[in-house]
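The values are calculated or read from the model by the stated rules, or taken from the named source; none is laboratory data. This structure is a prediction, so every number in the text was calculated from the model and none was measured. When we count neighbours, we look across all protein chains shown, and the Cβ atoms used for this are built from the backbone with ideal geometry, even at glycine. Please note that ligands, DNA and RNA were not included when accessible areas were found on the heavy atoms of the full protein model with its side chains. Shrake-Rupley method; radii C 1.70, N 1.55, O 1.52, S 1.80 Å.
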Amino acid sequence: MQVVTIKKNSVIRAVIFALILAMGFGIALMSRGKEAPEAEVKLYLVDAEMLRLIPVSAYIPQTNTEKMAQCVLDELIEGRDDNPKIRRLIPKQKRCMTVEVRDGIAYVDIKSEMVDAHPDGRDLELLTVYSVVNSLTGLDGIKNVRFTVEGKVQKDFKGYIDMRETFIPDYYV
């Protein structure tokens, strides 16, 4: 009698385990088919001659404004090195820029290593700043951009542009 009860309990456990396993696979398969909705954004990248910004479409996950803003910065950092019509100004350093969004303003914090690695020159500085500003202000909920370096407001970025001001987009850069 005891042997039958032990076998019965083992069979019940095996069935329950199989059901849990099947449910897990079913959930995984169902969630795999559902991807998060994506939003099309415009990234403003520097042209090959390094004279102006050109808009390039990109797709990022549709989430809250702050997460989308960080995705935009990550895309700008990633760049489009495979495209010969686009040049890189923002050094490819992971998390060299982070963003926080409050009251319609994107507060972008830049790591000092990124500033040090950035090429010198007024025009290149201007292109980099407006690449970030124009790209971020294209998101709903962001009207202006402010910059800090390592969490502190700086007089300038590399000696040319006053970083104490609040930037609005300029699509003619």
Any idea which of (1) without any contact (Cβ under 8 Å) to a residue 24 or more places away in the chain; (2) under 17 Å from the mean Cα position of the chain (by Cα); (3) more than 24 Å from Glu49 (Cβ to Cβ) is the one Lys92 doesn't satisfy?
(3)
Please determine, by comparing only the residues of the range 156-173 that are farther than 19 Å from Ile77 by Cα and touching an Asp or Glu at 6+ places or on another chain (Cβ under 7 Å), which one is most open to solvent (accessible area, probe 1.4 Å).
Tyr160
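Please go through the range 29-38 and give me each residue that is open to solvent by less than 80 Å² (accessible area, probe 1.4 Å) and either at pLDDT 95 or above or more than 25 Å from Gln70 (Cβ to Cβ) (or both), ordered by number.
First, the residues of the range 29-38 that are open to solvent by less than 80 Å² (accessible area, probe 1.4 Å): 31, 33, 36.
Once the filter is applied, which keeps residues that are open to solvent by less than 80 Å² (accessible area, probe 1.4 Å) and either at pLDDT 95 or above or more than 25 Å from Gln70 (Cβ to Cβ) (or both), the range 29-38 yields only Gly33.
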Checking Glu113 against (1) touching a Cys at 6+ places or on another chain (Cβ under 8 Å); (2) of a type in the set (D, E, K, R); (3) within 20 Å of Val145 (Cα to Cα), only one condition comes out false. Which one?
(3)
Is it the case that Val115 is at pLDDT below 90 and touching a Lys or Arg at 6+ places or on another chain (Cβ under 7 Å)?
no
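Among the residues of the range 146-165, write down those that are among the β-branched types (Val, Ile, Thr) and under 21 Å from the mean Cα position of the chain (by Cα). Give the derivation first.
Kept after step one, since they are among the β-branched types (Val, Ile, Thr), are these residues of the range 146-165: 148-149, 153, 161.
Within the range 146-165, Thr148, Val149 meet the criteria.
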Subset tally (residues that are out of contact with any Gly (no Cβ under 7 Å at 6 or more places or on another chain), open to solvent by 40 Å² or more (accessible area, probe 1.4 Å) and closer than 13 Å to Phe167 by Cβ) for the range 111-143:
1
Of the conditions (1) hydrophobic (A, V, I, L, M, F, W, C); (2) over 28 Å from Glu165 (Cα atoms); (3) touching a strand residue (DSSP E or B) at 6+ places or on another chain (Cβ under 9 Å), Ile12 clears all except one; give me its number.
(3)
